[in-house]
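Trainee: Take this structure, written in structure tokens, and hold onto it; I'll ask about it next.
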Amino acid sequence: MDSSGLGELISCYTALQQLNGHVKLLHINNRLQYLLAITKLDSVFETFDSEPAAVSSFATWTERIEDVAR
């Protein structure tokens, strides 16, 4: 991934934030981990090594929203 790819990730993040959505990354390679770290985007994007963990993280977010609505 290069700067254009990072720009696309940021665009997706921004668009989804406006809709109360989230971008989560799964199975990222070492180069992307490095790019996220040096650009400080590792604090913006959640990353996961397993799909079940990534999917369950959405459930946790949904539960928090439901608790706030009650």
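Trainee: Of the conditions (1) open to solvent by less than 60 Å² (accessible area, probe 1.4 Å); (2) assigned to a strand (DSSP E or B), G21 satisfies every one except a single condition; which number is it?
Mentor: Exception for G21: condition (2).
Trainee: Against the condition free of Cβ contacts under 8 Å to residues at least 12 places away in the same chain and open to solvent by 60 Å² or more (accessible area, probe 1.4 Å), how does Q33 come out, does it pass?
Mentor: no
The values are calculated or read from the model by the stated rules, or taken from the named source; none is laboratory data. Given the structure is predicted, the values throughout are model-derived calculations rather than measurements. With ideal geometry, Cβ positions are generated from the backbone for all residues, glycine too; neighbour counts draw on all protein chains shown. Just so you know, the surface numbers come from the protein's heavy atoms only, side chains and all, with ligands and any DNA or RNA stripped out. Shrake-Rupley method; radii C 1.70, N 1.55, O 1.52, S 1.80 Å.
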